[in-house]
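The values are calculated or read from the model by the stated rules, or taken from the named source; none is laboratory data. The structure displayed is predicted, hence computed values, not measured ones. Counting neighbours? That spans all protein chains shown, and the Cβs are built from the backbone with ideal geometry, glycine included. Quick note on the areas: whole protein, heavy atoms, side chains included, nothing else; ligands and nucleic acids left out. Shrake-Rupley method; radii C 1.70, N 1.55, O 1.52, S 1.80 Å.
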Amino acid sequence: MNKPTLAVLFGGCSPEYSVSLQSSYAVLSNLNPDKYNVLPLGITRTGQWFHFTGTYDQIATDTWCEDLAHLTPVVLSQDRNLHGLLVFSSQQPQPLRVDYALPILHGKNGEDGTLQGLLELAGIPVVGCGTLASALCMDKDRAHKLASLAGVSVPASLVLDQGEDPQAALAFARQTGYPLFVKPVKAGSSYGISQIHREEELLPALDLAFQYDNQVILEETIPGFEVGCAVMGTRELIVGEIDEIELSGGFFDFTEKYTLKTSAIHVPARVSPETARRVKETAKTLYRALSCSGFARVDMFLTPDGRIVFNEINTIPGFTEHSRFPGMMKAAGYTFPEILDTILGQVMAP
């Protein structure tokens, strides 16, 4: 049988470009070449698309787009009969069929439904969450509203549009109390997020968050600690062992997420079997409520009194071999290549 052509997309026009390179390097390095005809598609910070034929190490070191000998410009064709790319390797663009697409892009223009919609218009099956789920999960406000309708607790919050009078934010902060989180409504990897403890910190935190989105959300701080659950599947769901983030102080910001300088991640989480079961069931409820498919990481808070509170869903979580999603699945007995085969098998099944 012919091997399916799998396009793996990396890079992208996002502050999380560098994170995508590390995740993509791990994914590409662990895909079985006997099962898939792998087609690496790199997107530069400025939005140029290339078929990249160099080494995967060049992706990890962000030198891939400097190697002109291994870059061929491509565009995604919306002609569903073509079902793939137009490759500009000669004077006349040549078609290149793509059977499946696996986006490994984090944040805007990759994880927010824009790329998924483009691929769906082209008739190319997307590995992972589709357009609707990707857009909903990227939007913290709408994700919280749907989670609440599904019966899951969410933090008290307020959304502020860019240019809106900040008096509403000041009133919310005074009513809710400090500390508070100030976040862009649509961003990832903790970009633009602040935890504030005094009123004089609020306006600078709003200014920072507005650098990443035109809407900002203020959230109460939930006592306890964060737990996560990796989920794979669409109808029948597979969950990994839950993890627990132990913080020495502050919050799980960009630096802590990618260096664990003063924090630690425990897999499995140090909770009772019954609590772990409740967290897993809540994760599955949230995954379905937000129309997720393929794979995602569901993040929640566990309060001292045992309450589970929704935080967010990452539809394309970090995918290095040391990231949380693979770590939770490894604790459940899946190797990194087996995780990829399971995710891809859902889409490629006859």
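Brief remarks on what is shown
- Listed by chain and number, the lysines whose C-alpha is less than 24 Å from the C-alpha of Lys330, apart from same-chain residues fewer than 8 away, are Lys35, Lys257, Lys261, Lys280, Lys284.
- For region 1-102, the square roots a ≥ b ≥ c of the C-alpha gyration tensor eigenvalues yield an a/c of 1.5 or more together with a/b not exceeding b/c, which makes the shape oblate.
- Ordered from highest to lowest accessible area with the whole protein assembly present and a 1.4 Å probe, Lys330, Lys140, Lys186 read as Lys330, Lys186, Lys140.
- Electrostatic dipole magnitude of region 283-335 [Cβ: Lys, Arg +1; Asp, Glu -1; Cα centre; debye, to 20]: 140 debye
- With a Cα cut-off of under 14 Å and a minimum spacing of 8 residues unless on different chains, the lysine pairs in region 88-195 number 4.
- For region 277-350 and region 122-166, distance of Cα centres in Å: 17 Å
- Rolling a 1.4 Å probe across the protein heavy atoms gives region 6-118 an accessible surface of 43 Å² per residue.
- Gaussian network model of the chain, Cα within-10 Å springs - most flexible of Ile308, Ile238, Ile104: Ile238
- On the chain, 52 percent of the accessible area sits on carbon and sulfur atoms, based on a 1.4 Å probe.
- Shown in residue order for region 104-112 are the 3J(HN,Hα) couplings computed by the Karplus curve 6.51 cos²θ - 1.76 cosθ + 1.60 at θ = phi - 60°: 10, 10, 10, x, 5, 6, x, 10, 9 Hz (x for Gly and Pro).
- Within the listed set Ser153, Ser14, Ser89, the Gaussian network model of the chain (springs between alpha-carbon atoms below 10 Å) gives the highest mean-square fluctuation for Ser89.
- When the Cα positions of Val159, Leu286, Ala264 are compared along the charge dipole of the chain, Leu286 comes out farthest toward the positive end, with charges on each C-beta of Lys, Arg, Asp and Glu.
- Coupling constants for region 155-171 follow from the phi torsions by the Karplus curve (6.51 cos²θ - 1.76 cosθ + 1.60, θ = phi - 60°), and in residue order they are x, 5, 8, 9, 9, 10, 7, 4, x, 6, 4, x, 4, 5, 5, 5, 5 Hz; glycine and proline get x.
- Spatially, region 1-41 and region 210-229 are offset by 30 Å when compared through their Cα centroids.
- Probe 1.4 Å, protein heavy atoms only - accessible area per residue of region 273-329 in square angstrom: 34 Å²
- Averaging 1/r over every pair of different alpha carbons in the chain and inverting the result gives a Kirkwood radius of 21.0 Å.
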